[in-house]
């Protein structure tokens, strides 16, 4: 059985100077990296995981708070794909 990438990064003989792993992506890749940052359960021991999100078409919000107030009614503003408001229905 092959070791997972996370298990391999713990091998200090193989990667003695590894201190940080960056998970990054632009556009659609940013959406994947963003969702992974929120729900991923990766643990890399002493290695720090950093997520760099660039230009996604949407962001995940945990509640109704937004950087800018909306001026029109949006009944589905907290429904997934943009937030966790209705994720239990999935």
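The values are calculated or read from the model by the stated rules, or taken from the named source; none is laboratory data. Here the structure is a predicted model, which is why all the values come from computation and not from measurement. Virtual Cβ from ideal backbone geometry, glycine too; neighbours counted across all protein chains shown.
For segment 1-34, the set of residues classified as surrounded by 15 or more Cβ atoms within 10 Å (Cβ to Cβ) and at pLDDT 80 or above consists of 18, 21, 23, 25, 29, 30, 31, 33, 34, listed by residue number. Residues of segment 16-52 that are under 8 Å from the mean Cα position of the chain (by Cα) and either touching a residue at least 60 places away in the same chain (Cβ under 8 Å) or not in a helix (DSSP H, G or I) (or both): 40, 51.
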